[in-house]
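Asker: Input: one structure, supplied below.
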Amino acid sequence: MKKRLITYGLMFLAFSVTAQGGEVLTLDSCRNRALSANKQIGMAKMKHQMAVNVRKAARTKYLPHIDLTGGYMYSSREISLLSDAQKSAIGGIGTTTISRLDTKIGSTIEAMAQRGMISPQVASDLGTIIRVVGSPMAQSIEAYGNELGQRIVDAFSTNTHHLFTASAVMVQPIFMGGAIVAGNKIADVSERVAETDIEAKQSDVTYVVDNAYWTVVSLRHKQLLADDYLALVQKLDDDVHKMIKEGVATRADGLKVDVAVNEAEMTKTKVDNALSLAKMFLCQQCAMDLDSDITLADEMKEDLDIVNGDGENANEDYSYEGRHELRMLNDAIEISRQQTKIARAAYLPQLSLIGGAFFTNPSVYNGFERKFKGAFNVGVMMRVPVLDWGDNAYKIRATKCATNLAQLTYNEAHEMIELQVSQSKFKVKEANKNLVASRKNIQSAEENLRCANIGFKEGVMSTTDVMAAQTAWLKAKTQKIDAEIDVKLSEIALDKALGRYGK
């Protein structure tokens with residue numbers, strides 16, 4: 001055992017100062033490396049950011065929304081408020097007026113002559129004197145009238161070949177049947193689900209790393225044990241071959257010991273390979289190179305820090321709400337309930353305040369002008385569903401069924417967790433009992449080996465007896481290592497089953 005003490009002394013020195021080309025890792029450092037490098041955790045954090053933004057977006061549904069729009073349209077034809085006949089009539093109003101005026105004066109003189117008020121000769125002379133058409137004054141009046149008429153026609157021109165529009169619309173929800181409130185609650189719960197998912201991923205990664213860590217520690221202790229066992233059988237092999245030369249032992253005894261040496265070497269090779277693979281897996285979880293030369297802090301301890309327990313510290317009435325699965329299922333129930341409220345909101349009246357402004361070019365507020373002009377407006381809009389042929393009723397029933405399904409899933413998961421906790425508590429009890437028994441077996445095995453070595457030296461015990469004692473010693477040591485690791489792993493499994501792992 002002196003060699004074993006020297007080995008642990010060197011390992012303690014390596015723990016104090018990192019060896020060249022090596023790195024000492026504690027359980028916490030392995031956890032931190034794995035948590036910072038795990039891609040699943042990174043994706044869960046991105047999903048959480050998505051949920052945060054969705055929740056912020058849901059909050060904006062309470063606020064007024066303003067939309068600005070603008071447009072341009074070209075039309076090959078102009079909108080006309082006057083017909084072609086009306087344009088012609090208004091544009092020739094001067095000519096029409098003079099013509100009608102001349103006709104009116106002539107008919108008046110003719111009527112006066114027919115009534116005997118004036119003689120025909122006088123009527124003829126008057127018609128010649130006051131004839132309107134062709135006179136300079138008539139021409140002037142005709143030209144002015146036609147120009148005025150054309151101005152009126154031009155004023156009615158819409159010039160709508162190029163149409164520009166701009167508008168601003170504001171909508172402020174007042175009552176939407178509770179849909180906005182339910183939507184915000186769903187966003188809050190979804191964000192909480194994303195946070196729980198991060199915690200669940202971290203717990204799973206930590207659980208895997210812890211198991212990998214203690215597996216490496218177990219294999220490292222078994223490697224040291226294999227070295228000690230190989231040294232024992234090699235010492236026995238050396239003694240037996242010396243005894244063969246002296247003639248006090250047979251060649252058959254030497255062959256038996258040779259087989260034991262070969263088996264010890266094979267066992268050491270298997271343990272070495274298993275340890276290398278276990279370290280590779282741990283390095284992979286910690287985002288390190290697979291061939292990294294690492295040393296774990298607990299490799300230096302001959303006895304792990306084990307506090308004997310039986311798992312009874314887990315309260316039978318524990319609610320298990322620390323379990324991420326139950327928390328997420330409970331949130332799923334809440335989301336389903338809020339979806340029912342959203343479906344029910346479609347049955348209720350929805351009231352909104354609306355307001356805005358509309359601008360056009362050309363504008364029509366002061367005739368047709370090539371200017372941007374518009375008007376502001378404000379009002380209230382209500383939507384009342386009348387007939388949907390049962391569409392919303394079916395949706396409400398579907399969401400209620402989803403809620404019931406989520407509740408049943410939650411109840412089933414709760415029962416399975418209770419069973420898992422009971423099994424974990426049983427394994428903790430069993431592991432602690434095995435540890436107590438293995439420690440007692442070591443004392444017996446060491447005493448048996450000591451007696452066998454003394455008896456062999458005194459010649460009262462055979463080589464087979466010594467080899468049996470060595471095998472029993474190896475088995476007891478191995479069982480003790482396995483029992484210590486089983487206690488660690490069973491306690492980890494119990495904490496995880498109770499939902500308090502990693503807290």
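The values are calculated or read from the model by the stated rules, or taken from the named source; none is laboratory data. In this text the structure is predicted, and so the values were computed from the model without any measurement. Note that each Cβ is placed from the backbone with ideal geometry, even for glycine, and that neighbours are counted across all protein chains shown. What goes into the accessible areas is simple: the full protein's heavy atoms, side chains included, and nothing from ligands, DNA or RNA. Shrake-Rupley method; radii C 1.70, N 1.55, O 1.52, S 1.80 Å.
Asker: Hey, V259 hits all of (1) assigned to a loop (DSSP other than H, G, I, E, B); (2) among the aliphatic types (A, V, I, L, M); (3) open to solvent by 40 Å² or more (accessible area, probe 1.4 Å) but one; which does it fall short on?
Answerer: (1)
Asker: Let me ask you something else. Mind checking which residues of the stretch 262-286 are open to solvent by less than 70 Å² (accessible area, probe 1.4 Å) and of a type outside the set (S, T, Y)?
Answerer: First, pick out the residues of the stretch 262-286 that are open to solvent by less than 70 Å² (accessible area, probe 1.4 Å): 264, 267-268, 271-272, 274-276, 278-279, 282-283, 285-286.
Within the stretch 262-286, A264, K268, V271, D272, A274, L275, A278, K279, L282, C283, Q285, C286 meet the criteria.
Asker: Ok, one more. Restricting to the stretch 23-53, count the residues that are more than 17 Å from I198 (Cα to Cα) and either touching a residue at least 60 places away in the same chain (Cβ under 8 Å) or touching a helix residue (DSSP H, G or I) at 6+ places or on another chain (Cβ under 8 Å) (or both). Break it down into steps so the answer makes sense when it comes.
Answerer: Filtering the stretch 23-53 down to residues more than 17 Å from I198 (Cα to Cα) leaves 23-30.
Right, trim to either touching a residue at least 60 places away in the same chain (Cβ under 8 Å) or touching a helix residue (DSSP H, G or I) at 6+ places or on another chain (Cβ under 8 Å) (or both) and you get 23-27, 30.
Going through the stretch 23-53 one residue at a time, the tally reaches 6.
Asker: Additional query: Can you name the residue in the stretch 455-478 that is of a type outside the set (F, W, Y) and surrounded by 19 or more Cβ atoms within 10 Å (Cβ to Cβ) and is also nearest to the chain's Cα centre (by Cα) among such residues? Break it down into steps so the answer makes sense when it comes.
Answerer: Quick first cut of the stretch 455-478, residues of a type outside the set (F, W, Y) only: 455, 457-472, 474-478.
Now restrict to residues that are surrounded by 19 or more Cβ atoms within 10 Å (Cβ to Cβ): 463, 466-467, 469-470, 474, 476-477.
Details: T463: 67, V466: 63, M467: 61, A469: 60, Q470: 57, L474: 51, A476: 50, K477: 48 Å.
Restricting to residues being of a type outside the set (F, W, Y) and surrounded by 19 or more Cβ atoms within 10 Å (Cβ to Cβ), the top hit is K477.
Asker: I need the full set of residues from the stretch 244-256 which are open to solvent by less than 70 Å² (accessible area, probe 1.4 Å) and closer than 21 Å to Y229 by Cβ, in order please.
Answerer: Of everything in the stretch 244-256, those that are open to solvent by less than 70 Å² (accessible area, probe 1.4 Å) and closer than 21 Å to Y229 by Cβ turn out to be D253, G254.
Asker: Only one of N313, N330 is under 26 Å from T196 (Cβ atoms) and modelled with pLDDT under 85. Can you tell me which? Break it down into steps so the answer makes sense when it comes.
Answerer: Values: N330 fails: modelled with pLDDT under 85.
Of N313, N330, the one residue that is under 26 Å from T196 (Cβ atoms) and modelled with pLDDT under 85 is N313.
Asker: Go through (1) in a helix (DSSP H, G or I); (2) at pLDDT below 75; (3) surrounded by fewer than 12 Cβ atoms within 10 Å (Cβ to Cβ) and name the single condition G21 misses.
Answerer: Answer for G21: the failing condition is (1).
Asker: Return the pairs, sorted by first residue and then second, in which the second residue is assigned to a helix (DSSP H, G or I) and acidic (D, E), the first residue lies in the stretch 334-346 and is more than 12 Å from S190 (Cα to Cα), the beta carbons are less than 9 Å apart, and the residues are 6+ apart or on different chains.
Answerer: A346/D391
Asker: With G183, G178 as the choices, which residue is surrounded by fewer than 17 Cβ atoms within 10 Å (Cβ to Cβ), farther than 30 Å from T471 by Cα, among the small types (G, A, S) and touching a residue at least 40 places away in the same chain (Cβ under 8 Å)? Lay out the reasoning, then the answer.
Answerer: Details: G183 fails: surrounded by fewer than 17 Cβ atoms within 10 Å (Cβ to Cβ).
Residue meeting the stated conditions: G178.
Asker: Still on this structure, please answer the following. Need the failing condition index for K235 against (1) within 38 Å of the chain's Cα centre (by Cα); (2) in a helix (DSSP H, G or I), just the number.
Answerer: (1)
Asker: Taking the stated definitions as given, is N361 surrounded by 13 or more Cβ atoms within 10 Å (Cβ to Cβ) and either farther than 30 Å from G177 by Cβ or in contact with a His (Cβ under 7 Å, 6 or more places away or on another chain) (or both)? Can you show your working first?
Answerer: Values: surrounded by 13 or more Cβ atoms within 10 Å (Cβ to Cβ): yes; either farther than 30 Å from G177 by Cβ or in contact with a His (Cβ under 7 Å, 6 or more places away or on another chain) (or both): yes.
For N361, the condition - surrounded by 13 or more Cβ atoms within 10 Å (Cβ to Cβ) and either farther than 30 Å from G177 by Cβ or in contact with a His (Cβ under 7 Å, 6 or more places away or on another chain) (or both) - is met.
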